[in-house]
Amino acid sequence: MIADDKDVLRDVWFGRIPTCFTLYQDEVTEREAEPFYLLLPRVSYLTLVTDKVKKHFLKVMKAEDVEEIWFEYEGTPLKWHYPIGLLFDLHASNTSLPWSITVHFKNFPERDLLHCPCNSVIEAHFMSSIKEADALKHKSQVINDMQKKDHKQLWMGLQNDKFDQFWAINRKLMEYPTEEGGFRYIPFRIYLTMSDRPFIQKLFRPISPDGHTHTLGDLLKEVYPVAIANEAKRYQVVIHGIEPLLETPLQWLSEHLSHPDNFLHISVIPAPSD
Amino acid sequence: MVVMAERRLECSWKRHVVEQLKQRDRVQRHAFEEIIHQYNRLLEKSDLQTVLSERYQSDKYDLQNRHDSSPGLDLSRNDSLQQEMAQMRIRHQEELTELHKKRGELAQSVIELNHQIQQKDKEIQSNEAKMEEYQRQIAELEGECRELRGKLQDLEQANQTLKDEYDALQITFGALEEKLRRTTDDNQELVSRWMAEKSQEANKLNAENEKDCKRRQAKLQKELAEAAKEPLPLDPDDDIEVLAEDSGKGTGETSPNRPLSRTPSKRVSGQSPQSSLLGSISNIFGRRPGNSYGSSPECTETPSGVCADVRVPATALHVFEAHDGEVNAVRFSPGSRLLATGGMDRRVKLWEVVSGRCEPKGALTGSNAGITSIEFDSAGSYLLAASNDFASRIWTVDDFRLRHTLTGHSGKVLAARFLLDNARIVSGSYDRTLKLWDLRSKVCMKTVFAGSSCNDIVCTEQCVMSGHFDKRVRFWDIRAESIVRELELMGRVTSLDLNHDRTELLTCSRDDLVKIIDLRSNAVRQTFSAQGFKCGADWTRVTFSPDGSYVAGGSADGALYIWNVLTGKLERTLDKNHSSAINSVSWSPSGAYVVSVEKGCKAVLWSDM
């Protein structure tokens, strides 16, 4: 069982999405730019892993035509501060692979995207997510007891794709006092494609007051019952590209299927019609 | 069962998750991994090709530009050939320049290396020179070292020899010590044995003496008994009468010499004017209270003239060094055979007067300071000397042994005298006291405070007379311990003497006057003085002649003056033989000799021969 758990953690960490980056046709180039293919890590962030992409396309462009890089998929600007896996599950889950992303160097959409001038911005966002998650799980006790170097280690582990380095610290964030049976509250966000709200985030306990563990189904019933309203299974509940069974315990999901930022990012997408 | 169910349930969703993840990876990752990887490699290669082709393009354009100026038929062919050759030439030239450069570099490095080698050679030379220097030093040091080692060996040998010698000496010393110890022990043993023997001898002597005494007593008793038995041949003034009367008046008796001659007593000068038999009896049995002496004042003045054949000395028979220092006191023994002198050298020396000379007989030691006065007891067997060490001592004359030491005074003892019973001693001291000592218990029986330092003492039966620093002569009653009388003179009293019948007291005082005091009337009867007679010290002693007819005294200028008592005039002055002040004079009881002792260690024996 435990071996299985470890496998799950590894599979989650090393998950990849085959992506094809194509330069936007209106970008001014000296010569034709070939598309660039890359296996993107699910758990990372776009601007963190696309240096090669940028370099590739800059080869065919003149310096004065280059502004901040940004990505879009089928017209939707991709928010870099969402994990890549989440973006894929949310936007392109049931499309054919590889995922085609269009690269832009001009006309940055100020209203839709945040600027990302350098990696420390990504680090700040990442660390703040972790702290928010721990606030929900342990009232911030665990994260505050850690030293700065531990925080740094978390970030470096993510940046350099080092599973062991990251989980050496992260396992502390996954501990809970045994008498509690789980975290105080589960850090989760439910993302919807057809909604004005960016996501749903609420306080939800992993153990009910009368002691039985809450499942994914309990969570959805509580927070977004629409997802499981049984109308010929209209929605898929996707985490890390898979659909866990609704009876999966929420506590286990939070421990094993969270992203590196300790949040359970859940996508609810319309089921494919075929 | 619930657990099992739960576990199976757990397994089911977990397994679902695991399987889903695996499938996802298969679809999304594994399918595309290889392709994307290869695609990227091709991309890289094509980029490289582009870069290279661009570079070649630029070269080609350069070459074309140069060959545009030379037209020709086979332009195109020549062009290509020329291009080729040009390229080759370029390449060769480049190679050549490169080789030249390399050669230059190598030459440079050769020069540098040569330079380095030269430096290294120099270093090596200097090192070798240093090494030579060091080796030389080492050789020197080795030489020194050997020398030192040799010296060390020598010293060690010498040391060893000394040690051996020392050990040998130690052994010898040990042996000698042992010998010494043994000898000392032997010596001790011998000394103790000798002492034992001596004491035995002394005891024997004492026993003999006693025996003798007893014998004599017995003999006398016998004779007395016989005499008592024989009524006839004796005189009317008889012993019987005398024996009956205890008071022993004997008025007008001139005791015959005979009974006296019968007594073996050594006493020469007549003790009592009356029956000398009585006197001798008293003498033998001793310690009879002197009733007989109480009546002495009633008897005539005339001295009994007992044996005292007094002759006024005229010449010095023998001048000799008596002591190693001042001679303070001189005394004849009652038998006139012995002379005792005492001096500042702490000794009392005994001399025998034989054929006009004083032969040294012995010395009495034991005093710790100078001797101030000497007296023999009436038997002549004990000698009493007073000393500056605050004590008086008694020796037996025969064996020169110190018998008693009487301490107790807190000042110099200036005079010590036997009381007439020879069992007690009175001493007078600088500490202004007179002490009465008992010889049997050897303790001081009485101490009287005289008030002034006592220079001389004489004793009668009842009375002790002392002459003092404060010019007084004090008369003490022995039994009552109080002053009976005091007589004041003109100067400090230095000397007292009694005549043979104790009727007259001779005094000498610092006012250079010698006086005779009548004891019955307590008045000065006669005063003697002379032109040059000066009393030299507080202890200058003058003396009666044995019969009381002359008075002799020594002067500070070393002259001996002799006065005639009857006439009161200076009889003779003997001033030739002394070189310093005369301290003391003694007239032998036989009357034949006078001895005077002086400050300057000398003693002179005078006689009239």
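Quick check, is A:Glu32 of a type in the set (D, E, K, R) and within 12 Å of chain B (Cβ to nearest Cβ)?
So A:Glu32 fits the description; yes.
Which of the residues belonging to the range A:36-74 are over 24 Å from A:Lys162 (Cα atoms), at pLDDT 90 or above and assigned to a loop (DSSP other than H, G, I, E, B)?
A:Ile69, A:Glu74 - these are the residues of the range A:36-74 that are over 24 Å from A:Lys162 (Cα atoms), at pLDDT 90 or above and assigned to a loop (DSSP other than H, G, I, E, B).
Do you know which of the residues in the range A:1-18 that are more than 9 Å from chain B (Cβ to nearest Cβ) and surrounded by 18 or more Cβ atoms within 10 Å (Cβ to Cβ) is nearest to A:Leu87 (Cα to Cα)?
Restricting to residues being more than 9 Å from chain B (Cβ to nearest Cβ) and surrounded by 18 or more Cβ atoms within 10 Å (Cβ to Cβ), the top hit is A:Trp13.
Given the condition under 20 Å from the mean Cα position of the chain (by Cα), farther than 24 Å from A:Ile84 by Cα and more than 14 Å from chain B (Cβ to nearest Cβ), answer yes or no: does some residue in the range A:176-187 qualify?
Scanning the range A:176-187, I find at least one residue that is under 20 Å from the mean Cα position of the chain (by Cα), farther than 24 Å from A:Ile84 by Cα and more than 14 Å from chain B (Cβ to nearest Cβ), so the answer is yes.
Can you tell me which residue is nearest to B:Asp456 (Cα to Cα) among those in the range B:468-494 that are of a type in the set (A, V, I, L, M, F, W, C) and outside any strand (DSSP E or B)?
Checking each candidate, the answer is B:Phe469.
Taking A:Lys149 as meeting all but one of (1) open to solvent by 70 Å² or more (accessible area, probe 1.4 Å); (2) modelled with pLDDT under 90, write down the number of the exception.
Here A:Lys149 meets the rest and fails (2).
I'd like the residue in the range A:124-146 that is in a helix (DSSP H, G or I) and without any contact (Cβ under 8 Å) to a residue 24 or more places away in the chain and, out of all such residues, is least open to solvent (accessible area, probe 1.4 Å).
Among those that are in a helix (DSSP H, G or I) and without any contact (Cβ under 8 Å) to a residue 24 or more places away in the chain, it is A:Ala135.
Tell me, please, whether a residue that is touching a residue at least 60 places away in the same chain (Cβ under 8 Å), more than 23 Å from B:Ile35 (Cα to Cα), crowded, with 20+ Cβ neighbours inside 10 Å and more than 10 Å from chain B (Cβ to nearest Cβ) can be found in the range A:47-70.
There is at least one residue in the range A:47-70 that is touching a residue at least 60 places away in the same chain (Cβ under 8 Å), more than 23 Å from B:Ile35 (Cα to Cα), crowded, with 20+ Cβ neighbours inside 10 Å and more than 10 Å from chain B (Cβ to nearest Cβ).
What's the total number of residues in the range A:152-195 that are open to solvent by less than 20 Å² (accessible area, probe 1.4 Å) and either aromatic (Phe, Trp, Tyr) or in contact with a Pro (Cβ under 6 Å, 6 or more places away or on another chain) (or both)?
9
Condition test on A:Pro198, is it open to solvent by 50 Å² or more (accessible area, probe 1.4 Å), touching a Lys or Arg at 6+ places or on another chain (Cβ under 9 Å) and under 20 Å from A:Pro83 (Cα atoms)?
Answer is yes for this residue.
Could you tell me which numbered condition A:Leu23 fails, if it satisfies all but one of (1) within 14 Å of chain B (Cβ to nearest Cβ); (2) closer than 30 Å to A:Trp167 by Cα; (3) open to solvent by less than 70 Å² (accessible area, probe 1.4 Å)?
(2)
Name the residue, out of B:Ser427, B:Ser482, B:Ser452, that is surrounded by fewer than 16 Cβ atoms within 10 Å (Cβ to Cβ), over 23 Å from B:Ala552 (Cβ atoms) and among the polar types (S, T, N, Q).
Result: B:Ser482 is the single residue among B:Ser427, B:Ser482, B:Ser452 that is surrounded by fewer than 16 Cβ atoms within 10 Å (Cβ to Cβ), over 23 Å from B:Ala552 (Cβ atoms) and among the polar types (S, T, N, Q).
Considering the range B:365-384 alone, what residues qualify as being hydroxyl-bearing (Ser, Thr, Tyr), open to solvent by 10 Å² or more (accessible area, probe 1.4 Å) and closer than 18 Å to B:Arg541 by Cα?
Hit for the range B:365-384 is B:Thr372, nothing else.
The values are calculated or read from the model by the stated rules, or taken from the named source; none is laboratory data. Source: prediction; values computed, not measured. Cβ sites come from the backbone with ideal geometry, for glycine too, and all protein chains shown count toward neighbours. Heads up: the accessible areas ignore ligands, DNA and RNA and are worked out on the full protein's heavy atoms, side chains in. Shrake-Rupley method; radii C 1.70, N 1.55, O 1.52, S 1.80 Å.
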